Amino acid sequence: MVVTTGQRALQGYNAQAAVNEHQIVVAAEVTVDSPDFGHLEPMVEATERELASVGADQPEVVVADAGYWHKRQMENVVSRGIQVLIPPDAGLRKNTRPGWDGGLYAFMRRVL
């Protein structure tokens, strides 16, 4: 069952896919967890495993949407030498999230 805040539970899955610069799927995972939050590092690890299994170069940059923003996981990925580009704010948001100013949030907004 996939549970989304404010809605009834539905039978379903949350599929994650990692693609390369040519939009070729290099890794995929399926979970029953509705939000993308918390899936960044597991997807990077799945991508690294799949690329290593075929002798391909490891990723240099990871790009994801705002739903993947997870500060600790982002820091863990960066510590492995992979640049992470994730907007801290969803596209529909007109202002920053309360408490999401300064530090990494401001840095990422400047980078993007």
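Pairs meeting the criteria (first residue in region 1-25 and loosely packed, with under 10 Cβ neighbours inside 10 Å, second residue at pLDDT 80 or above and not in a loop (DSSP other than H, G, I, E, B), beta carbons under 7 Å, at least 6 apart or on different chains) are A15/A28; A15/V30. Within region 27-67, being among the hydroxyl-bearing types (S, T, Y), surrounded by 15 or more Cβ atoms within 10 Å (Cβ to Cβ) and modelled with pLDDT of 95 or more holds for one residue alone: T47. Pairs linking a residue in region 40-56 that is closer than 15 Å to R72 by Cα to a residue that is assigned to a helix (DSSP H, G or I), with Cβ atoms under 7 Å and 6 or more positions apart or on different chains, are L40/Y68; L40/Q73; L40/M74; L40/V77; E41/Q73; E41/N76; E41/V77; V44/V77. Residues being under 15 Å from the mean Cα position of the chain (by Cα) and not small (G, A, S) are entirely absent from region 90-104. Of the residues making up region 25-56, those that are over 16 Å from I86 (Cα atoms) and touching a helix residue (DSSP H, G or I) at 6+ places or on another chain (Cβ under 7 Å) are V26, A27, E29.
Pairs meeting the criteria (first residue in region 86-108 and under 15 Å from A64 (Cβ atoms) and in contact (Cβ under 8 Å) with a residue 12 or more places away in the chain, second residue of a type outside the set (D, E) and surrounded by fewer than 12 Cβ atoms within 10 Å (Cβ to Cβ), beta carbons under 6 Å, at least 6 apart or on different chains) are P87/L112. Scanning region 79-107 for residues that are more than 13 Å from V44 (Cα to Cα), surrounded by 12 or more Cβ atoms within 10 Å (Cβ to Cβ), at pLDDT 90 or above and not aliphatic (A, V, I, L, M) turns up P87, P88.
The values are calculated or read from the model by the stated rules, or taken from the named source; none is laboratory data. Model, not experiment: these values are computed from the prediction. All Cβ positions, glycine included, derive from the backbone under ideal geometry; neighbour counts span all protein chains shown.
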